[in-house]
Amino acid sequence: MIRLGVNVDHVATIREARKTVEPDPVAAAVAVEMAGADQVTVHLREDRRHIQNRDVKIIREVVRTALNLEMAATVEMQEIALAIHPDSVTLVPEKREEVTTEGGLDIRNAPPAVSELISNLRNSGIKVCAFLDPDLDQIKQAAHMRFDAVEIHTGSYANANGAKRAEELQKIKDVASAIRHLGMGVHAGHGLDYHNVTAIVGIPEITELNIGHAIISRAVFVGLDRAVRDMLGLMGRL
Ligand code: PXP
């Protein structure tokens with residue numbers, strides 16, 4: 001069974017476009033859970049362009065499944081994570097100028113502070129996941145740094161067509177097997193939608209998907225409940 005985490009950041013993006021109080025990502029978190037999602041994922045960005053501290057705090061209180069906090073490996077974010085205590089933290093790279101997370105984290109030359117952050121979070125009972133490109137060197141480094149899981153960045157697969165897509169899919173399959181061999185959980189996300197998710201669901205090592213844009217986009221037309229259930233259906237969960 002593959003777990004579905006729904007990223008509700010885009011709901012906050014609409015709210016922030018007007019700097020008002022709606023739509024509330026807290027309501028979205030409740031709705032996706034009621035539709036059958038296994039996890040709510042939020043990215044608290046340094047520039048607070050969508051999700052705010054208040055959102056993470058309240059979502060932590062209301063979520064009955066699990067909360068996955070995506071964040072950069074900074075002192076500020078570590079403090080917030082230790083105070084809010086999500087079930088898991090996914091470390092992502094962050095650039096102010098990017099529209100969304102572009103590429104996985106580069107941990108090959110990670111400073112000792114990152115290993116310290118991982119152990120501080122793990123010692124407080126938070127699972128720590130690295131968002132990485134499907135690159136074997138990065139995966140080996142993640143095992144060395146004692147990450148609990150790796151979320152494979154599926155963006156290159158999602159953006160490719162034809163033979164290139166098949167090539168990107170093979171890379172994901174190869175690293176999925178390596179991640180499991182190294183004893184870490186295998187997650188995947190970014191750019192997954194109702195058309196490209198099936199091939200990813202067919203990779204046996206993958207146990208969790210985190211999907212935002214496609215689900216929130218479909219929700220505009222069919223509602224969040226139906227959009228989540230449609231995705232669960234493609235994942236063989238209904
Ligand atoms: N996983 C991670 C680590 C991400 O940064 C994002 C985007 O915020 C997602 C999954 C969801 O990507 P998408 O919105 O393309 O489904």
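Any read-out appearing in this document is the output of simple, stated calculations on the displayed coordinates, not a laboratory observation. Quantities reported herein were computed from a predicted structural model and do not represent experimental measurements. Cβ: placed from backbone, ideal geometry, glycine included. Neighbour counts: every protein chain shown.
Residue-wise test of (1) surrounded by fewer than 22 Cβ atoms within 10 Å (Cβ to Cβ); (2) in contact (Cβ under 8 Å) with a residue 40 or more places away in the chain; (3) under 22 Å from Thr101 (Cα atoms); (4) β-branched (Val, Ile, Thr).
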{"position": "Ile14", "(1), (2), (3), (4)": "yes, no, yes, yes"}
{"position": "Lys19", "(1), (2), (3), (4)": "yes, no, no, no"}
{"position": "Ala31", "(1), (2), (3), (4)": "yes, yes, no, no"}
{"position": "Met34", "(1), (2), (3), (4)": "yes, yes, no, no"}
{"position": "Val40", "(1), (2), (3), (4)": "no, no, yes, yes"}
{"position": "Asp47", "(1), (2), (3), (4)": "yes, yes, yes, no"}
{"position": "Arg64", "(1), (2), (3), (4)": "yes, no, no, no"}
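Report the residue count in segment 180-227 for those that are among the charged types (D, E, K, R), away from the ligand (no atom under 11 Å from the Cβ), under 25 Å from Lys127 (Cα atoms) and buried (at least 17 other Cβ atoms within 10 Å of the Cβ). Final tally of qualifying residues: 1. Do we have Arg60 as touching a strand residue (DSSP E or B) at 6+ places or on another chain (Cβ under 6 Å), closer than 27 Å to Phe147 by Cβ, more than 16 Å from the ligand (Cβ to nearest atom) and not hydroxyl-bearing (Ser, Thr, Tyr) here? Here the answer is yes, as Arg60 does meet what is asked. Among the residues of segment 149-173, those identified as more than 10 Å from the ligand (Cβ to nearest atom) and aliphatic (A, V, I, L, M) are Ala149, Val150, Ala160, Ala163, Ala166, Leu169, Ile172. Scanning segment 1-31 for residues that are of a type in the set (D, E, K, R) and closer than 28 Å to Leu238 by Cα yields a count of 3. Figure legend. Inter-residue proximity from segment 84-108: first residues free of Cβ contacts under 8 Å to residues at least 60 places away in the same chain, second residues among the hydroxyl-bearing types (Ser, Thr, Tyr), beta-carbon distance below 9 Å, spacing 6+ or different chains. Indicated pairs: His85/Ser124; Asp87/Thr65; Val92/Thr101; Pro93/Thr101; Glu94/Thr74; Glu94/Thr101; Lys95/Thr101; Gly103/Ser156. Working only within segment 16-40, note down all residues that are assigned to a helix (DSSP H, G or I) and within 16 Å of the ligand (Cβ to nearest atom). Within segment 16-40, Glu16, Pro25, Ala28, Ala29, Val32 meet the criteria. Pairs are defined by a Cβ separation below 6 Å, a sequence spacing of at least 6 or placement on different chains, a first member in segment 195-220 that is among the acidic types (Asp, Glu), and a second member that is more than 9 Å from the ligand (Cβ to nearest atom) and part of a helix (DSSP H, G or I); the pairs so defined are Glu205/Ala176; Glu205/Ser177; Glu205/Arg180.
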